[in-house]
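Enquirer: Sharing a structure below in structure tokens format, with a few things to ask.
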Amino acid sequence: MKPTVRMMMNPKTHAVSADMPIREAITVLIEQGVTDTPVVDRDGDYLGVLSEFDCLRLIAEGDDEFNEAKGTAGAYFSSTVPHVSPEVDIYYVAGMFLREPQHRRFAVLDQGELVGVITRKDVLRALIDLLPK
């Protein structure tokens, strides 16, 4: 049996709400030690991903006065980030990471509901299990 995303994914997502102040969302990235995190709406529906790269726009578009970070996570996230089903096999996800090398994790959606994330390290864990000893 081929390992699936569901078998290897992490159900802890550290998701942020689209209406969360951007300062709080950046704090989540820093405190959780992740480079990106899923963004959900008030109902918990997946919208996209907020990454460190997205947050750099605060500095690039800003001025020298950072008295307060302006806006919400919803103003900065990327909605075009690929996601996967928990039922696809790990080989398919490995191919996705090769085609999308800028991404380190993909959101896992089960019928539109965010159920976890799968990272490159999760795929490597599957590879260790598959390689002969």
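Enquirer: So Gln102 passes all but one of these: (1) in contact with a helix residue (DSSP H, G or I) (Cβ under 9 Å, 6 or more places away or on another chain); (2) modelled with pLDDT of 90 or more; (3) over 19 Å from Arg6 (Cα atoms). Which condition number does it fail?
Expert: If we test Gln102 against (1) in contact with a helix residue (DSSP H, G or I) (Cβ under 9 Å, 6 or more places away or on another chain); (2) modelled with pLDDT of 90 or more; (3) over 19 Å from Arg6 (Cα atoms), just (2) comes out false.
Enquirer: Further question on the same structure: Given the conditions (1) modelled with pLDDT under 95; (2) within 22 Å of Val5 (Cβ to Cβ); (3) in contact with a Phe, Trp or Tyr (Cβ under 9 Å, 6 or more places away or on another chain); (4) among the hydrophobic types (A, V, I, L, M, F, W, C), report the number of the one that Val84 does not fulfil.
Expert: Among (1) modelled with pLDDT under 95; (2) within 22 Å of Val5 (Cβ to Cβ); (3) in contact with a Phe, Trp or Tyr (Cβ under 9 Å, 6 or more places away or on another chain); (4) among the hydrophobic types (A, V, I, L, M, F, W, C), Val84 violates only (1).
Enquirer: When you go through Leu98, Leu29 one by one, which is the residue that is hydrophobic (A, V, I, L, M, F, W, C) and either over 24 Å from Leu130 (Cβ atoms) or open to solvent by less than 90 Å² (accessible area, probe 1.4 Å) (or both)?
Expert: Matching residue, one of Leu98, Leu29: Leu29.
Enquirer: Return the residues of region 99-133 that are basic (Lys, Arg) and outside any loop (DSSP other than H, G, I, E, B); say none if nothing qualifies.
Expert: Matches in region 99-133: Arg99, Arg105, Arg120, Lys121, Arg125.
Enquirer: Answer with yes or no whether Tyr92 is surrounded by 12 or more Cβ atoms within 10 Å (Cβ to Cβ), among the hydroxyl-bearing types (Ser, Thr, Tyr) and touching a His at 6+ places or on another chain (Cβ under 8 Å).
Expert: Against the criterion (surrounded by 12 or more Cβ atoms within 10 Å (Cβ to Cβ), among the hydroxyl-bearing types (Ser, Thr, Tyr) and touching a His at 6+ places or on another chain (Cβ under 8 Å)), Tyr92 does not qualify.
Enquirer: Then there's this: Please enumerate the residues belonging to region 74-88 that are within 11 Å of Leu47 (Cα to Cα), of a type outside the set (Phe, Trp, Tyr) and surrounded by 16 or more Cβ atoms within 10 Å (Cβ to Cβ).
Expert: If the condition is that a residue be within 11 Å of Leu47 (Cα to Cα), of a type outside the set (Phe, Trp, Tyr) and surrounded by 16 or more Cβ atoms within 10 Å (Cβ to Cβ), then Gly74, Val81, His83 are the ones that fit.
Enquirer: Oh, and also: Pick from region 16-36 the residues that are at pLDDT below 95 and assigned to a loop (DSSP other than H, G, I, E, B): which of them is farthest from Tyr76 (Cα to Cα)?
Expert: Gly33
Enquirer: Do you know which residues across region 1-15 are exposed (fewer than 15 other Cβ atoms within 10 Å of the Cβ) and assigned to a strand (DSSP E or B)?
Expert: The answer is Asn10, and nothing else.
Enquirer: Also, quick follow-up: Among the residues of region 109-133, write down those that are of a type in the set (A, V, I, L, M, F, W, C) and either touching a helix residue (DSSP H, G or I) at 6+ places or on another chain (Cβ under 6 Å) or at positive phi (or both).
Expert: Ile118, Val123, Ala126 - these are the residues of region 109-133 that are of a type in the set (A, V, I, L, M, F, W, C) and either touching a helix residue (DSSP H, G or I) at 6+ places or on another chain (Cβ under 6 Å) or at positive phi (or both).
Enquirer: For region 57-65, check the following and say yes or no: at least one residue is more than 13 Å from the chain's Cα centre (by Cα), at pLDDT 90 or above and open to solvent by less than 70 Å² (accessible area, probe 1.4 Å).
Expert: There is no residue in region 57-65 that is more than 13 Å from the chain's Cα centre (by Cα), at pLDDT 90 or above and open to solvent by less than 70 Å² (accessible area, probe 1.4 Å).
Enquirer: State all residues of region 32-44 that are among the acidic types (Asp, Glu) and buried (at least 20 other Cβ atoms within 10 Å of the Cβ); if no residue qualifies, say none.
Expert: Asp36
The values are calculated or read from the model by the stated rules, or taken from the named source; none is laboratory data. Remember, it's a predicted structure, so these values are computed and weren't measured experimentally. A quick note on method: Cβ atoms are made from the backbone with ideal geometry, for glycine too, and the neighbour counts reach across all protein chains shown. Keep in mind that these areas ignore ligands, DNA and RNA; they rest on the heavy atoms of the full protein, side chains included. Shrake-Rupley method; radii C 1.70, N 1.55, O 1.52, S 1.80 Å.
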